[in-house]
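In what follows, a single structure is set out as C-alpha coordinates and then discussed.
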Amino acid sequence: MHEENKAAANGCGKIRSGAQNGAALLALMEKTGYSMVQQNGQRKFGGPPPGWEGPPPPRGCEVFVGKIPRDMYEDELVPVFERAGKIYELRLMMEFSGKFIGVCVSLDNCRLFIGAIPKDKKKEEILNEMKKVTEGVVDVIVYPNATDKTKNRGFAFVEYESHRAAAMARRRLIPGTFQPWGHTIQVDWADPEKVVDEETMQRVKVLYVRNLMISTTEDKIKAEFNKFKPGVVERVKKLRDYAFVHFFHREDAVAAMSVMNGKCIDGASIEVTLAKPVNKESSWKQHFNGQISPSSENLLGFPNKEDGTQKSLGKPASLSVRLNGQHSPGPPEVERSTYPIFPGIKLTPISMYSLKLSHFSSAVMHLDYFCHKNSWAPPEYSLYSTTSQDGKILLVYKVLISSIADDSQSYFMPEKLCTTVEDAKELAAQFTLLHL
(Lines give C-alpha, C1' and ligand atoms only; values in the text may rest on other atoms or scores of the structure.)
Protein backbone atom coordinates (compact mmCIF):
# COMPACT_ATOMS: atom_id res chain seq x y z
CA MET A 1 0.00 0.00 0.00
CA HIS A 2 1.34 3.44 -0.89
CA GLU A 3 2.17 5.84 1.97
CA GLU A 4 -0.66 8.18 0.92
CA ASN A 5 -3.15 5.33 1.06
CA LYS A 6 -1.79 4.12 4.38
CA ALA A 7 -2.21 7.55 5.90
CA ALA A 8 -5.74 7.83 4.59
CA ALA A 9 -6.60 4.37 5.83
CA ASN A 10 -5.30 5.18 9.30
CA GLY A 11 -7.18 8.47 9.45
CA CYS A 12 -3.95 10.39 9.86
CA GLY A 13 -4.45 12.80 6.98
CA LYS A 14 -2.63 13.08 3.72
CA ILE A 15 1.08 13.38 3.14
CA ARG A 16 2.01 16.60 1.32
CA SER A 17 5.07 17.44 -0.66
CA GLY A 18 7.27 20.43 0.13
CA ALA A 19 5.75 22.34 -2.80
CA GLN A 20 2.25 21.62 -1.53
CA ASN A 21 3.20 22.79 1.97
CA GLY A 22 4.63 26.01 0.59
CA ALA A 23 1.55 26.69 -1.49
CA ALA A 24 -0.76 26.06 1.47
CA LEU A 25 1.20 28.41 3.73
CA LEU A 26 1.33 31.14 1.08
CA ALA A 27 -2.43 30.85 0.66
CA LEU A 28 -2.86 31.19 4.44
CA MET A 29 -0.74 34.36 4.55
CA GLU A 30 -2.62 35.90 1.62
CA LYS A 31 -5.95 35.08 3.23
CA THR A 32 -5.13 36.35 6.73
CA GLY A 33 -2.58 39.08 6.03
CA TYR A 34 -0.29 37.64 8.72
CA SER A 35 3.46 37.42 8.16
CA MET A 36 5.52 34.28 8.72
CA VAL A 37 9.23 34.09 9.56
CA GLN A 38 11.68 31.31 10.50
CA GLN A 39 13.50 32.24 13.70
CA ASN A 40 15.63 30.28 16.19
CA GLY A 41 14.29 26.86 15.30
CA GLN A 42 10.66 27.93 15.28
CA ARG A 43 8.31 29.37 12.68
CA LYS A 44 6.46 32.49 13.82
CA PHE A 45 3.04 33.32 12.40
CA GLY A 46 1.88 36.87 13.19
CA GLY A 47 3.11 38.83 16.19
CA PRO A 48 1.54 41.30 15.70
CA PRO A 49 -1.34 40.56 13.33
CA PRO A 50 -2.26 43.08 10.61
CA GLY A 51 -3.94 46.21 11.92
CA TRP A 52 -2.87 45.59 15.52
CA GLU A 53 -2.55 48.75 17.61
CA GLY A 54 -1.14 49.09 21.09
CA PRO A 55 1.20 46.88 23.13
CA PRO A 56 1.40 43.08 22.85
CA PRO A 57 -1.02 41.03 24.98
CA PRO A 58 0.04 40.85 28.66
CA ARG A 59 1.44 37.78 30.39
CA GLY A 60 -1.14 35.05 30.90
CA CYS A 61 -2.58 35.28 27.37
CA GLU A 62 -0.46 32.48 25.93
CA VAL A 63 -1.08 28.73 25.94
CA PHE A 64 1.28 25.87 25.14
CA VAL A 65 0.02 23.16 22.81
CA GLY A 66 1.89 19.87 22.70
CA LYS A 67 1.75 16.58 20.79
CA ILE A 68 0.95 18.18 17.45
CA PRO A 69 1.30 15.64 14.60
CA ARG A 70 4.45 16.24 12.58
CA ASP A 71 2.53 16.48 9.30
CA MET A 72 0.24 19.28 10.51
CA TYR A 73 1.10 22.87 9.63
CA GLU A 74 -0.19 26.40 10.20
CA ASP A 75 -2.84 26.21 7.46
CA GLU A 76 -4.56 23.46 9.49
CA LEU A 77 -3.72 24.71 12.97
CA VAL A 78 -4.77 28.34 12.59
CA PRO A 79 -8.45 27.59 11.81
CA VAL A 80 -8.61 25.32 14.87
CA PHE A 81 -7.08 27.86 17.27
CA GLU A 82 -9.09 30.76 15.84
CA ARG A 83 -12.21 29.13 17.20
CA ALA A 84 -11.08 30.26 20.65
CA GLY A 85 -10.32 33.86 19.64
CA LYS A 86 -8.12 36.16 17.59
CA ILE A 87 -4.54 34.93 17.34
CA TYR A 88 -1.82 37.45 18.14
CA GLU A 89 1.08 35.10 17.43
CA LEU A 90 1.64 31.40 16.77
CA ARG A 91 5.12 29.86 17.14
CA LEU A 92 5.37 26.36 15.70
CA MET A 93 7.94 23.77 16.79
CA MET A 94 7.10 20.21 15.78
CA GLU A 95 8.22 17.96 18.61
CA PHE A 96 5.63 15.19 18.94
CA SER A 97 3.30 13.10 16.82
CA GLY A 98 0.02 11.52 17.89
CA LYS A 99 -3.76 11.79 17.75
CA PHE A 100 -4.34 14.04 20.74
CA ILE A 101 -2.93 17.43 21.67
CA GLY A 102 -2.35 18.80 25.15
CA VAL A 103 -3.16 22.39 26.06
CA CYS A 104 -2.19 24.26 29.23
CA VAL A 105 -1.60 27.86 30.29
CA SER A 106 1.91 28.94 29.33
CA LEU A 107 3.93 29.92 32.42
CA ASP A 108 5.69 32.64 30.46
CA ASN A 109 8.62 32.32 32.87
CA CYS A 110 11.11 35.17 32.65
CA ARG A 111 13.45 34.09 35.45
CA LEU A 112 16.46 31.73 35.44
CA PHE A 113 18.14 30.04 38.38
CA ILE A 114 21.94 30.30 38.27
CA GLY A 115 23.80 28.03 40.69
CA ALA A 116 27.41 27.39 41.70
CA ILE A 117 28.25 31.11 41.70
CA PRO A 118 31.35 32.14 43.67
CA LYS A 119 30.12 33.30 47.05
CA ASP A 120 32.27 36.42 47.09
CA LYS A 121 30.54 37.94 44.05
CA LYS A 122 28.27 40.93 44.60
CA LYS A 123 25.00 41.66 42.84
CA GLU A 124 26.57 44.22 40.52
CA GLU A 125 29.29 41.79 39.43
CA ILE A 126 26.77 39.05 38.66
CA LEU A 127 24.50 41.51 36.84
CA ASN A 128 27.34 42.79 34.67
CA GLU A 129 28.52 39.26 33.88
CA MET A 130 25.04 38.16 32.81
CA LYS A 131 24.63 41.27 30.65
CA LYS A 132 27.89 40.47 28.87
CA VAL A 133 26.70 37.15 27.51
CA THR A 134 22.89 37.38 27.44
CA GLU A 135 20.40 39.96 26.23
CA GLY A 136 17.33 41.37 27.91
CA VAL A 137 18.58 41.20 31.53
CA VAL A 138 16.32 43.26 33.77
CA ASP A 139 17.54 42.39 37.27
CA VAL A 140 19.53 39.93 39.36
CA ILE A 141 18.25 38.70 42.71
CA VAL A 142 20.98 37.60 45.11
CA TYR A 143 20.41 36.34 48.66
CA PRO A 144 23.05 37.05 51.31
CA ASN A 145 24.53 34.12 53.19
CA ALA A 146 22.62 33.38 56.39
CA THR A 147 25.71 33.54 58.60
CA ASP A 148 27.98 35.91 56.65
CA LYS A 149 26.12 38.81 55.04
CA THR A 150 29.21 39.81 53.04
CA LYS A 151 28.81 36.68 50.91
CA ASN A 152 26.04 35.32 48.71
CA ARG A 153 24.49 31.86 49.01
CA GLY A 154 26.09 30.47 45.88
CA PHE A 155 23.13 31.07 43.60
CA ALA A 156 21.13 33.91 42.05
CA PHE A 157 17.99 34.51 40.01
CA VAL A 158 18.27 36.45 36.75
CA GLU A 159 15.15 38.25 35.55
CA TYR A 160 14.71 38.85 31.79
CA GLU A 161 12.43 41.20 29.89
CA SER A 162 10.54 38.35 28.24
CA HIS A 163 10.16 34.59 28.24
CA ARG A 164 11.89 34.44 24.87
CA ALA A 165 14.89 36.37 26.21
CA ALA A 166 15.09 34.00 29.19
CA ALA A 167 14.84 30.95 26.92
CA MET A 168 17.62 32.23 24.66
CA ALA A 169 19.77 33.01 27.70
CA ARG A 170 19.20 29.51 29.10
CA ARG A 171 20.41 28.05 25.83
CA ARG A 172 23.44 30.37 25.83
CA LEU A 173 24.37 29.51 29.43
CA ILE A 174 24.37 25.73 29.03
CA PRO A 175 27.07 24.38 31.39
CA GLY A 176 30.38 23.89 29.62
CA THR A 177 29.79 26.65 27.07
CA PHE A 178 30.13 29.57 29.46
CA GLN A 179 32.28 29.73 32.60
CA PRO A 180 32.03 33.07 34.44
CA TRP A 181 34.96 33.73 36.74
CA GLY A 182 36.36 30.35 35.66
CA HIS A 183 33.47 28.44 37.29
CA THR A 184 31.09 25.96 35.72
CA ILE A 185 27.65 27.24 36.68
CA GLN A 186 24.27 25.50 36.96
CA VAL A 187 21.42 26.90 34.87
CA ASP A 188 17.71 26.07 34.98
CA TRP A 189 14.29 27.68 34.97
CA ALA A 190 13.42 29.24 38.31
CA ASP A 191 10.30 27.96 40.04
CA PRO A 192 7.37 30.22 39.07
CA GLU A 193 6.26 32.53 41.85
CA LYS A 194 2.98 31.70 43.54
CA VAL A 195 0.16 33.75 42.06
CA VAL A 196 -2.35 34.96 44.65
CA ASP A 197 -5.46 36.83 43.53
CA GLU A 198 -5.69 40.52 44.38
CA GLU A 199 -8.77 40.05 46.57
CA THR A 200 -6.93 37.61 48.82
CA MET A 201 -3.83 39.83 49.02
CA GLN A 202 -6.02 42.74 50.12
CA ARG A 203 -6.80 40.81 53.32
CA VAL A 204 -3.21 39.88 54.22
CA LYS A 205 -1.97 41.26 57.54
CA VAL A 206 1.27 39.26 57.77
CA LEU A 207 4.67 40.50 56.63
CA TYR A 208 7.49 38.34 55.26
CA VAL A 209 10.86 39.58 56.53
CA ARG A 210 14.01 38.34 54.81
CA ASN A 211 17.78 38.69 55.29
CA LEU A 212 17.74 38.58 59.08
CA MET A 213 20.75 37.58 61.13
CA ILE A 214 20.65 34.05 62.51
CA SER A 215 21.20 35.50 65.97
CA THR A 216 18.26 37.92 65.78
CA THR A 217 15.47 36.79 68.11
CA GLU A 218 11.70 36.89 67.66
CA ASP A 219 11.47 39.33 70.58
CA LYS A 220 13.93 41.68 68.88
CA ILE A 221 11.97 41.59 65.63
CA LYS A 222 8.70 42.26 67.45
CA ALA A 223 10.24 45.19 69.32
CA GLU A 224 11.62 46.72 66.12
CA PHE A 225 8.31 46.47 64.27
CA ASN A 226 6.44 47.88 67.26
CA LYS A 227 8.63 50.99 67.30
CA PHE A 228 6.72 52.88 64.61
CA LYS A 229 3.42 52.20 66.39
CA PRO A 230 3.45 50.41 69.77
CA GLY A 231 1.30 47.30 70.23
CA VAL A 232 0.45 46.61 66.58
CA VAL A 233 2.35 43.31 66.30
CA GLU A 234 0.44 40.22 67.39
CA ARG A 235 3.30 37.70 67.15
CA VAL A 236 6.47 36.81 65.24
CA LYS A 237 7.54 33.43 63.85
CA LYS A 238 11.20 33.21 62.81
CA LEU A 239 12.99 30.41 60.93
CA ARG A 240 16.70 30.67 60.33
CA ASP A 241 17.19 34.03 58.56
CA TYR A 242 13.59 34.92 57.70
CA ALA A 243 10.43 35.55 59.69
CA PHE A 244 6.70 36.18 59.50
CA VAL A 245 5.38 39.16 61.46
CA HIS A 246 1.66 38.96 62.25
CA PHE A 247 -0.30 42.19 62.85
CA PHE A 248 -3.69 42.72 64.47
CA HIS A 249 -4.82 44.99 61.61
CA ARG A 250 -3.97 45.06 57.90
CA GLU A 251 -3.47 48.82 57.73
CA ASP A 252 -0.72 48.54 60.34
CA ALA A 253 0.95 45.74 58.38
CA VAL A 254 0.98 47.85 55.19
CA ALA A 255 2.32 50.89 57.05
CA ALA A 256 5.02 48.83 58.75
CA MET A 257 6.09 47.34 55.41
CA SER A 258 6.69 50.82 54.03
CA VAL A 259 8.56 51.99 57.12
CA MET A 260 10.65 48.89 57.84
CA ASN A 261 11.73 47.78 54.35
CA GLY A 262 15.47 48.42 54.09
CA LYS A 263 15.95 49.06 57.81
CA CYS A 264 18.85 47.51 59.71
CA ILE A 265 18.27 44.99 62.49
CA ASP A 266 21.40 43.72 64.25
CA GLY A 267 23.50 45.02 61.34
CA ALA A 268 21.49 43.34 58.56
CA SER A 269 19.50 45.31 55.99
CA ILE A 270 16.11 43.57 55.89
CA GLU A 271 13.63 43.17 53.04
CA VAL A 272 9.94 43.30 53.89
CA THR A 273 6.98 42.26 51.72
CA LEU A 274 3.42 41.08 52.25
CA ALA A 275 3.34 37.34 52.91
CA LYS A 276 1.54 35.27 50.28
CA PRO A 277 -1.08 33.03 51.90
CA VAL A 278 -0.76 29.32 51.23
CA ASN A 279 -3.89 27.53 50.08
CA LYS A 280 -3.65 24.00 51.45
CA GLU A 281 -6.25 22.92 48.93
CA SER A 282 -3.45 23.43 46.41
CA SER A 283 -2.33 20.09 47.67
CA TRP A 284 0.44 17.64 46.99
CA LYS A 285 -1.83 15.85 44.54
CA GLN A 286 -2.45 19.05 42.58
CA HIS A 287 1.27 19.83 42.75
CA PHE A 288 1.77 16.70 40.65
CA ASN A 289 -1.25 17.29 38.38
CA GLY A 290 -3.52 15.11 40.49
CA GLN A 291 -1.86 11.92 39.29
CA ILE A 292 -1.16 10.12 42.56
CA SER A 293 -0.95 6.45 41.76
CA PRO A 294 -3.93 4.31 42.79
CA SER A 295 -1.43 1.64 43.76
CA SER A 296 0.11 4.10 46.20
CA GLU A 297 -3.21 4.58 47.95
CA ASN A 298 -3.71 0.85 48.22
CA LEU A 299 -0.29 0.39 49.76
CA LEU A 300 -1.19 3.00 52.33
CA GLY A 301 -4.30 1.06 53.33
CA PHE A 302 -7.03 3.18 51.73
CA PRO A 303 -10.40 1.48 51.01
CA ASN A 304 -10.60 -0.54 47.84
CA LYS A 305 -13.17 1.13 45.56
CA GLU A 306 -14.60 -2.19 44.45
CA ASP A 307 -15.28 -4.00 47.71
CA GLY A 308 -14.77 -1.35 50.38
CA THR A 309 -12.14 -3.44 52.17
CA GLN A 310 -8.66 -2.37 53.09
CA LYS A 311 -5.58 -3.92 51.61
CA SER A 312 -2.75 -4.85 53.93
CA LEU A 313 0.42 -2.85 53.97
CA GLY A 314 2.50 -5.84 52.98
CA LYS A 315 6.23 -6.15 53.49
CA PRO A 316 8.28 -3.07 54.40
CA ALA A 317 9.88 -3.16 50.94
CA SER A 318 6.50 -2.26 49.45
CA LEU A 319 6.50 1.05 51.30
CA SER A 320 8.21 2.83 48.42
CA VAL A 321 5.42 4.34 46.36
CA ARG A 322 5.56 6.58 43.36
CA LEU A 323 4.83 10.15 44.40
CA ASN A 324 5.96 11.77 41.19
CA GLY A 325 2.73 11.41 39.26
CA GLN A 326 3.37 8.05 37.58
CA HIS A 327 0.67 5.40 37.34
CA SER A 328 2.68 2.30 38.09
CA PRO A 329 3.98 0.88 41.37
CA GLY A 330 7.63 0.99 42.26
CA PRO A 331 10.19 3.46 43.58
CA PRO A 332 10.57 6.96 42.12
CA GLU A 333 12.73 7.14 39.02
CA VAL A 334 15.85 8.37 40.76
CA GLU A 335 19.29 7.40 39.55
CA ARG A 336 20.92 5.60 42.47
CA SER A 337 24.33 5.00 40.88
CA THR A 338 27.57 6.03 42.55
CA TYR A 339 30.51 7.72 40.89
CA PRO A 340 34.13 7.95 42.01
CA ILE A 341 35.54 11.19 43.37
CA PHE A 342 38.68 11.73 41.36
CA PRO A 343 41.66 13.62 42.84
CA GLY A 344 41.32 17.35 42.30
CA ILE A 345 37.59 17.28 41.56
CA LYS A 346 35.85 20.43 42.79
CA LEU A 347 32.85 20.09 45.11
CA THR A 348 30.49 23.06 45.47
CA PRO A 349 28.36 23.48 48.63
CA ILE A 350 24.66 23.84 47.78
CA SER A 351 21.35 23.89 49.60
CA MET A 352 19.10 20.85 49.20
CA TYR A 353 16.27 23.29 48.47
CA SER A 354 18.00 24.41 45.27
CA LEU A 355 17.62 20.88 43.89
CA LYS A 356 14.64 19.43 42.06
CA LEU A 357 12.18 16.87 43.38
CA SER A 358 13.75 14.24 41.13
CA HIS A 359 16.83 14.28 43.35
CA PHE A 360 14.91 12.93 46.35
CA SER A 361 14.05 9.25 46.61
CA SER A 362 12.16 9.21 49.93
CA ALA A 363 8.81 10.66 50.98
CA VAL A 364 10.45 12.12 54.09
CA MET A 365 12.69 14.31 51.92
CA HIS A 366 9.81 15.13 49.58
CA LEU A 367 7.72 16.35 52.53
CA ASP A 368 10.52 18.50 53.92
CA TYR A 369 11.12 20.01 50.46
CA PHE A 370 7.40 20.61 49.91
CA CYS A 371 7.00 22.40 53.25
CA HIS A 372 9.97 24.64 52.52
CA LYS A 373 8.67 25.57 49.06
CA ASN A 374 5.31 26.58 50.58
CA SER A 375 6.92 28.62 53.41
CA TRP A 376 5.56 26.23 56.03
CA ALA A 377 7.38 25.18 59.16
CA PRO A 378 9.40 21.95 58.81
CA PRO A 379 7.30 18.82 59.50
CA GLU A 380 7.36 17.69 63.13
CA TYR A 381 7.31 13.94 63.78
CA SER A 382 6.02 12.41 67.04
CA LEU A 383 6.65 8.69 67.56
CA TYR A 384 4.10 6.37 69.20
CA SER A 385 4.26 2.64 69.93
CA THR A 386 2.09 -0.32 70.90
CA THR A 387 2.62 -4.05 71.37
CA SER A 388 1.20 -6.69 69.03
CA GLN A 389 -0.42 -9.93 70.23
CA ASP A 390 2.82 -11.81 69.62
CA GLY A 391 4.83 -9.29 71.64
CA LYS A 392 6.32 -7.21 68.81
CA ILE A 393 6.85 -3.49 69.29
CA LEU A 394 4.88 -1.67 66.58
CA LEU A 395 5.49 1.98 65.68
CA VAL A 396 3.65 4.88 64.09
CA TYR A 397 4.49 8.55 63.59
CA LYS A 398 2.11 11.50 63.89
CA VAL A 399 3.11 14.44 61.67
CA LEU A 400 2.39 18.11 62.43
CA ILE A 401 2.41 20.58 59.52
CA SER A 402 2.22 24.27 60.41
CA SER A 403 1.59 27.06 57.92
CA ILE A 404 3.65 29.93 59.28
CA ALA A 405 1.90 32.60 57.21
CA ASP A 406 -1.62 31.95 58.53
CA ASP A 407 -0.76 30.07 61.76
CA SER A 408 -2.88 27.05 60.83
CA GLN A 409 -1.92 23.52 61.89
CA SER A 410 -2.74 20.07 60.57
CA TYR A 411 -2.01 16.63 62.02
CA PHE A 412 -1.58 13.46 59.98
CA MET A 413 -1.17 9.88 61.13
CA PRO A 414 -1.51 6.73 59.02
CA GLU A 415 -3.73 3.88 60.17
CA LYS A 416 -0.94 1.34 59.84
CA LEU A 417 1.84 0.34 62.24
CA CYS A 418 5.40 -0.61 61.29
CA THR A 419 8.12 -2.70 62.90
CA THR A 420 10.98 -0.25 62.23
CA VAL A 421 11.38 3.46 62.88
CA GLU A 422 12.52 4.12 59.30
CA ASP A 423 9.45 2.47 57.76
CA ALA A 424 7.13 4.23 60.20
CA LYS A 425 8.55 7.64 59.33
CA GLU A 426 8.46 6.97 55.57
CA LEU A 427 4.86 5.78 55.78
CA ALA A 428 3.84 8.85 57.82
CA ALA A 429 5.45 11.16 55.26
CA GLN A 430 3.70 9.39 52.37
CA PHE A 431 0.37 9.57 54.18
CA THR A 432 0.84 13.28 54.88
CA LEU A 433 1.74 14.10 51.27
CA LEU A 434 -1.39 12.34 50.04
CA HIS A 435 -3.64 14.23 52.46
CA LEU A 436 -2.26 17.78 52.51
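Being assigned to a helix (DSSP H, G or I), open to solvent by less than 70 Å² (accessible area, probe 1.4 Å) and modelled with pLDDT under 85 is the filter here, so list the residues in the stretch 127-182 that pass it.
P180, G182
Can you pull out every residue in the stretch 37-63 that is under 21 Å from C110 (Cβ atoms) and in contact with a Gly (Cβ under 8 Å, 6 or more places away or on another chain)?
Answer for the stretch 37-63, where residues must be under 21 Å from C110 (Cβ atoms) and in contact with a Gly (Cβ under 8 Å, 6 or more places away or on another chain): just P56.
Checking M352 against (1) under 29 Å from the mean Cα position of the chain (by Cα); (2) touching a residue at least 24 places away in the same chain (Cβ under 8 Å): exactly one of these is not met. Which one?
Unmet condition: (2).
Got at least one residue in the stretch 364-373 being closer than 30 Å to F248 by Cα, among the basic types (K, R) and open to solvent by 20 Å² or more (accessible area, probe 1.4 Å)?
Yes, the conditions are met somewhere in the stretch 364-373.
Can you name the number of the only condition in (1) under 13 Å from A275 (Cβ atoms); (2) of a type outside the set (K, R); (3) touching a helix residue (DSSP H, G or I) at 6+ places or on another chain (Cβ under 8 Å) that F225 fails?
For F225, the failing item is (1).
Does any residue of the stretch 377-394 turn out to be within 18 Å of W189 (Cα to Cα) and open to solvent by 30 Å² or more (accessible area, probe 1.4 Å)?
Scanning the stretch 377-394, I find no residue that is within 18 Å of W189 (Cα to Cα) and open to solvent by 30 Å² or more (accessible area, probe 1.4 Å), so the answer is no.
Sort out which residues of the stretch 238-275 are open to solvent by 70 Å² or more (accessible area, probe 1.4 Å), under 15 Å from F228 (Cβ atoms) and of a type outside the set (S, T, Y), and write them in order of number.
Those that are open to solvent by 70 Å² or more (accessible area, probe 1.4 Å), under 15 Å from F228 (Cβ atoms) and of a type outside the set (S, T, Y): F248, H249, E251, N261, K263, C264.
Give me the pairs: first residue in the stretch 188-205 and at negative phi, second residue among the polar types (S, T, N, Q) and modelled with pLDDT of 80 or more, beta-carbon distance under 6 Å, and six or more apart or on different chains, which are they?
Between residues of the stretch 188-205 that are at negative phi and residues that are among the polar types (S, T, N, Q) and modelled with pLDDT of 80 or more, the close pairs are W189/N109; P192/N109.
Of all residues in the stretch 136-181, which are aliphatic (A, V, I, L, M) and within 15 Å of K121 (Cα to Cα)?
V140, I141, V142, A156, V158
Take the stretch 214-228 and flag every residue that is modelled with pLDDT under 90 and within 19 Å of G262 (Cβ to Cβ).
F228
For the stretch 317-436, which fully contained strands (runs of 3 or more DSSP E) count at least 3 residues that are at pLDDT 90 or above?
380-387, 393-403
Which of the strands (runs of 3 or more DSSP E) found entirely inside the stretch 39-95 contain at least 3 residues meeting this: open to solvent by less than 70 Å² (accessible area, probe 1.4 Å) and under 21 Å from S162 (Cα atoms)?
Counting at least 3 such residues, we get 42-46, 89-92.
Which of the following residues is in contact with a helix residue (DSSP H, G or I) (Cβ under 6 Å, 6 or more places away or on another chain), small (G, A, S) and not assigned by the TED database to the domain that holds C264: A167, A146, A156, A243?
Every option except A156 fails the conditions.
Being over 20 Å from H163 (Cα atoms) and either modelled with pLDDT of 80 or more or not hydrophobic (A, V, I, L, M, F, W, C) (or both) is the filter here; which residues of the stretch 96-119 pass it?
To start, the set of residues in the stretch 96-119 that are over 20 Å from H163 (Cα atoms) comprises 96-102, 116-119.
Answer for the stretch 96-119, where residues must be over 20 Å from H163 (Cα atoms) and either modelled with pLDDT of 80 or more or not hydrophobic (A, V, I, L, M, F, W, C) (or both): S97, G98, K99, G102, A116, I117, P118, K119.
The values are calculated or read from the model by the stated rules, or taken from the named source; none is laboratory data. Only a predicted model underlies this, so the values are computations on that prediction, with no experimental measurement involved. Neighbour counts run over all protein chains shown; Cβ positions are idealised from the backbone, glycine included. Each accessible area value is taken on the protein alone, full model and side chains, heavy atoms only, with ligands, DNA and RNA left out. Shrake-Rupley method; radii C 1.70, N 1.55, O 1.52, S 1.80 Å.
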